[in-house]
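J.: Before anything else, here's the structure in question.
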Amino acid sequence: MQDYKTVISIITVILSIVGYIPYYLDIYKGKTTPHIYSWFIWGLATVIAFALQVSAGAGVGSWMTLIIALNAFFIFFLGLRNGKKDVTRSDTVFFVLSLVAIFIWIVAKQPVVSIILISTVEMFGFIPTIRKSWNKPYSETFFTYALSTFRHGLSIFALQQYNIITWLYPVTWALANALFSIMLIMRRGVVGKKQGK
């Protein structure tokens, strides 16, 4: 019975790798400009989410979370090198709030509280990217976020134990990526009309 979960997990890992290739290429071409605050917070929080999932019995369903953490840190380093440092005061506020939430997680030592805090941290980390992309909707790679919606949704079926600690992270990200993808489509339509595209 667990064999299909391993297959699903392998598929989500492959989708994670494939989904980020266009993102890497777009960074290299200067089309995509990752927000360094978002990617640093995502990397740090995702490592913690991975540890929580493993401790709660997610099993093979946690593999994708580890790959996402590694990708996030890699994109953070690419952003330091190639990204525009489009950082506002509000971005810094959400960055600091994310770090405070991580500190609370360290102190709390309660798995359920921890996964809720980490998921909240990840959404705080998303805010600088949302702000940047609202103004510059072509500064992010749509394909990566659209595929991430599907990948996170699929990864739920690979979990070997179902509890709030194992499923909250992928559910949160499936919804966040879906909403972000819709926002990109809508904003590109608005910007395209203004630019006569």
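Read-outs: derived from the displayed coordinates by stated rules, not from any lab. Remember, predicted model here, so these are calculated numbers, not experimental data. Using ideal geometry, Cβ is built from the backbone for each residue, glycine included, and neighbour counts are taken over all protein chains shown.
J.: Per 0.36 nm of contour for each residue apart, how much would the distance between LEU97 and PHE150 grow if the chain were fully extended, relative to their Cα-Cα spacing? Could the numbers behind the result be given before it?
T.: Working: separation 53, 0.36 × 53 = 19.08 nm, distance 2.87 nm.
That works out to 16.2 nm of additional length.
J.: Right, another one. Which option, (i) 134; (ii) 116; (iii) 100, is the value of volume of the Cα convex hull per residue in Å³ that was calculated from these coordinates?
T.: The value matching this structure is (iii).
J.: Working from Cα positions, state the angle (0 to 90°, nearest 10) between the long axis of helix 3-29 and the longest principal axis of the chain.
T.: Helix 3-29 sits at roughly 20 degrees to that axis.
J.: Give me the dipole magnitude in Debye, nearest 20, for the stretch 3-192 about the Cα centre, with unit charges on the beta carbon: positive for Lys and Arg, negative for Asp and Glu. Mind showing how you got there, number by number?
T.: Numbers: 14 positive and 6 negative charges, 110 e Å.
It comes to approximately 520 debye.
J.: Using only the alpha-carbon atoms, how far is helix 111-135 inclined from the longest principal axis of the chain? Give it as 0 to 90 degrees, nearest 10.
T.: The angle comes out near 10 degrees.
J.: I need the shape label for the stretch 146-190. Rule: rounded when a/c is under 1.5, else prolate if a/b > b/c, else oblate, with a, b, c from the alpha carbon gyration tensor.
T.: Numbers: a/c = 6.57, a/b = 2.82, b/c = 2.33.
It comes out prolate by the Cα gyration axes.
J.: Using only DSSP helix segments of four residues or longer, with each worth -39500 (n - 2.57), what per-residue ellipticity at 222 nm results for the chain after dividing by its residue count and rounding to 500? Don't jump to the answer; show the numbers that get you there.
T.: Numbers: 7 runs with 157 residues, N = 197.
Mean residue ellipticity, 222 nm, calculated: -28000 deg cm²/dmol.
J.: Kindly count the pairs of lysines across the chain whose alpha carbons are less than 22 Å apart, treating pairs on different chains or eight or more residues apart as eligible.
T.: 22
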